[in-house]
Amino acid sequence: MFTKPEEVVDGVAAFIKTNVEKAHREGVVIGLSGGVDSALAATLAVKALGKERVLGILLPERDVTCTEDVEDAMQVAKMLGIKHKTIDIAEIHTAFASALPDYDPNAKVCSGNLKARIRMCALYYYANLLNLLVIGTGNKTEILLGYTTKYGDSAADMLPLGELYKTQVLEVAEHLGVSERIIKKPPSAGLWKGQTDEKELGISYELADSILIKLTDEKKTPAEIKKELGISEDVIERIVKRVEKNKHKREMTPVPEI
């Protein structure tokens, strides 16, 4: 259950520090997208480990990633005082596309997932090279809805925001002084031009969180949620089905019982 922002900060910072110590690693690497999740995760990592033990990697795609996102990611790195690198994934993606005989540039989701996995590979390269752990930036809303790429942005050694719904992420980010511009801009995975999370999900994070909290934390039925929130049961059922459909993303890879 969500507590006061300051208690969340202390708890998550302790979580990060403990996991790094247990793994005998030098620190962490995190992908900086210019969004609120990565900004908050990086801020918490610095609080836990100190700026010298946090590496930020910007992974924009030329002609796709908007300038504002790159600027915001750079600003986060500079404000936190962490080491950072920028790797344009455009040529890597082009190489993959040219090597795949059935690559379809119009298959947005397939192409977007490929980009997410390219970014994951880059983060793990530096993690292996420098004896670091990869910090994932997924929040509880994304995890429950399956709004994540399996073995892409969901691949990480720890998920410090994994118990925070998106609206709670915004609250903690504001508490820690994350830029208002970052907090207020429309969330986007940056996988293609004009893409935004809420447009793709077909629901606002605020409404999704209201449903998810009642569904998963309070164990309410769709009928009870409809009565309490005064919204269409169709919307609630769509969320319920999405949570169930993407259950495989939240579980370990299955193995047979022999």
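Taking helices (runs of 4 or more DSSP H) that fall entirely within the stretch 164-227, which contain at least 3 residues that are touching a residue at least 12 places away in the same chain (Cβ under 8 Å) and closer than 25 Å to LYS241 by Cα? Explain how you work it out, then say what you get.
Numbers: elements: 166-175, 180-184, 197-201, 205-212.
Because the criterion is at least 3 residues that are touching a residue at least 12 places away in the same chain (Cβ under 8 Å) and closer than 25 Å to LYS241 by Cα, the helices (runs of 4 or more DSSP H) in the stretch 164-227 that meet it are 166-175, 197-201, 205-212.
Say we look at the stretch 204-240 and pick out the residues that are within 18 Å of the chain's Cα centre (by Cα) and buried (at least 17 other Cβ atoms within 10 Å of the Cβ); which of these is nearest to GLY112 (Cα to Cα)? Working first, answer last.
Our first condition is that a residue be within 18 Å of the chain's Cα centre (by Cα); within the stretch 204-240, this holds for 204-206, 208-209, 212.
Restricting the remaining residues to those that are buried (at least 17 other Cβ atoms within 10 Å of the Cβ) gives 205, 208-209, 212.
Numbers: TYR205: 21, ALA208: 23, ASP209: 25, LEU212: 26 Å.
Taking the candidates together, the pick is TYR205.
So, in the stretch 56-78, of the ones that are assigned to a helix (DSSP H, G or I) and touching a helix residue (DSSP H, G or I) at 6+ places or on another chain (Cβ under 9 Å), which residue ends up surrounded by the fewest Cβ atoms within 10 Å (Cβ to Cβ)?
Applying the first criterion (assigned to a helix (DSSP H, G or I)) to the stretch 56-78 yields 67-78.
Pick out the ones that are also touching a helix residue (DSSP H, G or I) at 6+ places or on another chain (Cβ under 9 Å) and you get 68, 72-73, 75-77.
Values: GLU68: 12, ASP72: 23, ALA73: 27, GLN75: 16, VAL76: 27, ALA77: 24.
It comes out as GLU68.
Any idea which of LEU123, LEU161, LEU129, LEU133 is in the same structural domain as ASP88 (by TED's automatic domain parsing) and assigned to a loop (DSSP other than H, G, I, E, B)? Give the derivation first.
Details: LEU123 fails: assigned to a loop (DSSP other than H, G, I, E, B); LEU129 fails: assigned to a loop (DSSP other than H, G, I, E, B); LEU133 fails: assigned to a loop (DSSP other than H, G, I, E, B).
Selected residue: LEU161, the only one of LEU123, LEU161, LEU129, LEU133 that is in the same structural domain as ASP88 (by TED's automatic domain parsing) and assigned to a loop (DSSP other than H, G, I, E, B).
Can you pull out the residues in the stretch 98-121 that are aliphatic (A, V, I, L, M) and under 22 Å from ALA155 (Cα atoms)?
Going residue by residue through the stretch 98-121, those that are aliphatic (A, V, I, L, M) are 99-100, 107, 109, 114, 116, 118, 120.
Within the stretch 98-121, VAL109, LEU114, ALA116, ILE118, MET120 meet the criteria.
Restricting the first residue to the stretch 103-125 and requiring it to be of a type in the set (Asp, Glu), which pairs with a second residue that is surrounded by 17 or more Cβ atoms within 10 Å (Cβ to Cβ) meet a Cβ separation below 9 Å and a spacing of at least six or different chains?
The qualifying pairs are ASP104/SER111.
Taking the condition free of Cβ contacts under 8 Å to residues at least 40 places away in the same chain, surrounded by fewer than 22 Cβ atoms within 10 Å (Cβ to Cβ) and more than 16 Å from the chain's Cα centre (by Cα), does ARG25 pass? Don't jump to the end; show me each part of the working.
Numbers: free of Cβ contacts under 8 Å to residues at least 40 places away in the same chain: no; surrounded by fewer than 22 Cβ atoms within 10 Å (Cβ to Cβ): yes; more than 16 Å from the chain's Cα centre (by Cα): yes.
Taking the combined requirement at face value, the residue does not satisfy it.
In the stretch 159-179, what count of residues is obtained for those that are hydrophobic (A, V, I, L, M, F, W, C) and surrounded by fewer than 19 Cβ atoms within 10 Å (Cβ to Cβ)?
Within the stretch 159-179, the first condition is being hydrophobic (A, V, I, L, M, F, W, C), and the residues that meet it are 159, 161, 164, 169-170, 172-173, 176, 178.
Okay, now just the ones that are also surrounded by fewer than 19 Cβ atoms within 10 Å (Cβ to Cβ), so 176.
So the count comes out to 1.
Out of curiosity, is ILE57 in contact with a Lys or Arg (Cβ under 7 Å, 6 or more places away or on another chain), assigned by TED's automatic domain parsing to the domain that holds GLN168 and β-branched (Val, Ile, Thr)? Break it down stepwise before answering.
Working: in contact with a Lys or Arg (Cβ under 7 Å, 6 or more places away or on another chain): yes; assigned by TED's automatic domain parsing to the domain that holds GLN168: yes; β-branched (Val, Ile, Thr): yes.
Here the answer is yes, as ILE57 does meet what is asked.
Cβ-Cβ below 8 Å, separation at least six or inter-chain, first residue in the stretch 71-96 and touching a residue at least 60 places away in the same chain (Cβ under 8 Å), second exposed (fewer than 15 other Cβ atoms within 10 Å of the Cβ): which pairs?
Close Cβ pairs satisfying both conditions: ASP72/ARG181.
Taking only the stretch 90-110 into account, find how many residues are surrounded by fewer than 18 Cβ atoms within 10 Å (Cβ to Cβ), in a helix (DSSP H, G or I) and either among the hydrophobic types (A, V, I, L, M, F, W, C) or modelled with pLDDT under 95 (or both).
8
Take the residues of the stretch 119-177 that are at positive phi and of a type outside the set (Gly, Ala, Ser): which is modelled with the lowest pLDDT?
As a first pass, look at the stretch 119-177 and keep what is at positive phi: 131, 146, 151, 177.
Right, trim to of a type outside the set (Gly, Ala, Ser) and you get 131, 151.
Values: ASN131: 98, TYR151: 95.
Only one residue fits best here, namely TYR151.
The values are calculated or read from the model by the stated rules, or taken from the named source; none is laboratory data. Predicted model only: the values in this text are computed from it and were never measured. For neighbour counting, all protein chains shown are included, and Cβ atoms are generated from backbone atoms with ideal geometry for every residue, glycine included.
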